[in-house]
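The values are calculated or read from the model by the stated rules, or taken from the named source; none is laboratory data. These numbers were taken from a predicted model, which means no experiment stands behind them. Virtual Cβ from ideal backbone geometry, glycine too; neighbours counted across all protein chains shown. Surface areas here come from the heavy atoms of the whole protein model, side chains and all, with no ligands, DNA or RNA. Shrake-Rupley method; radii C 1.70, N 1.55, O 1.52, S 1.80 Å.
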Amino acid sequence: MVAGGTGVAPMVQLIERVLQDPEDRTTLRLLYGSPSQEDIILRERLDALVREHPERLHVEYLVQRGAAGGEEEGVSVGVPGGSRVAKHVQGFDKARDVVLVCGPDAMMREVCGVRPLGDAGQGPLGGVLRDLGFSSTNVFKF
């Protein structure tokens with residue numbers, strides 16, 4: 001999962017749904033970008049879910065600008081694009097795994113291409129995920 005800003009909200013809903021099923025062994029990884037540490041939405045909830053399910057959920061926070069007091073553990077300065085996404089999806093099985101992406105248009109363009117408005121479907125796959133060899137069958141844009 002790759003999310004930016006308020007795009008984390010649908011990801012959290014999906015994460016909670018998957019983790020509440022004790023039979024489901026799906027492993028989830030979220031790369032979440034926000035303008036600053038103070039702007040990280042649903043952080044307390046995500047951190048609690050990581051503590052409850054450390055073997056099934058990993059969250060990496062990225063912020064565009066660091067806090068005045070320095071970086072916190074688990075928070076890096078950067079944006080969810082390019083090399084960060086490449087590192088995040090390293091080891092993915094493109095025949096089995098799915099990358100879910102939701103965020104502002106600039107991030108979507110960089111990561112996977114913008115999803116058209118309305119009922120136009122997912123639109124063509126673009127960005128770093130296309131460059132890494134992913135296809136439209138294993139990338140879903142919110």
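Things to note:
- Within the range 93-122, being without any contact (Cβ under 8 Å) to a residue 24 or more places away in the chain and in contact with a strand residue (DSSP E or B) (Cβ under 7 Å, 6 or more places away or on another chain) holds for one residue alone: Gln122.
- Residue count for the range 70-100, restricted to those that are open to solvent by less than 20 Å² (accessible area, probe 1.4 Å) and in contact with a Pro (Cβ under 9 Å, 6 or more places away or on another chain): 1.
- Test: residue in the range 51-68 that is part of a loop (DSSP other than H, G, I, E, B), at positive phi and open to solvent by less than 90 Å² (accessible area, probe 1.4 Å): no
- Of all residues in the range 5-19, one or more are of a type outside the set (Val, Ile, Thr), at positive phi and open to solvent by 10 Å² or more (accessible area, probe 1.4 Å).
- Failed condition for Thr27, given (1) open to solvent by 70 Å² or more (accessible area, probe 1.4 Å); (2) touching a residue at least 60 places away in the same chain (Cβ under 8 Å): (2)
- Top-ranked residue in the range 33-46 [being in contact with a Lys or Arg (Cβ under 9 Å, 6 or more places away or on another chain) and buried (at least 18 other Cβ atoms within 10 Å of the Cβ); ranked as nearest to Val99 (Cα to Cα)]: Gly33
- Those residues of the range 23-45 which are in a strand (DSSP E or B) and of a type in the set (S, T, N, Q), in sequence order: Ser34
- Taken as a whole, the structure leaves Pro22 outside the set of residues that are under 25 Å from Val139 (Cβ atoms) and modelled with pLDDT under 90.
- Matching residues, the range 101-114, being open to solvent by 30 Å² or more (accessible area, probe 1.4 Å), out of contact with any Asp or Glu (no Cβ under 9 Å at 6 or more places or on another chain) and in a loop (DSSP other than H, G, I, E, B): Pro104
- Residues that are touching a residue at least 40 places away in the same chain (Cβ under 8 Å), farther than 16 Å from Val8 by Cα and not hydrophobic (A, V, I, L, M, F, W, C) within the range 128-142 comprise Ser135, Asn138, listed in sequence order.
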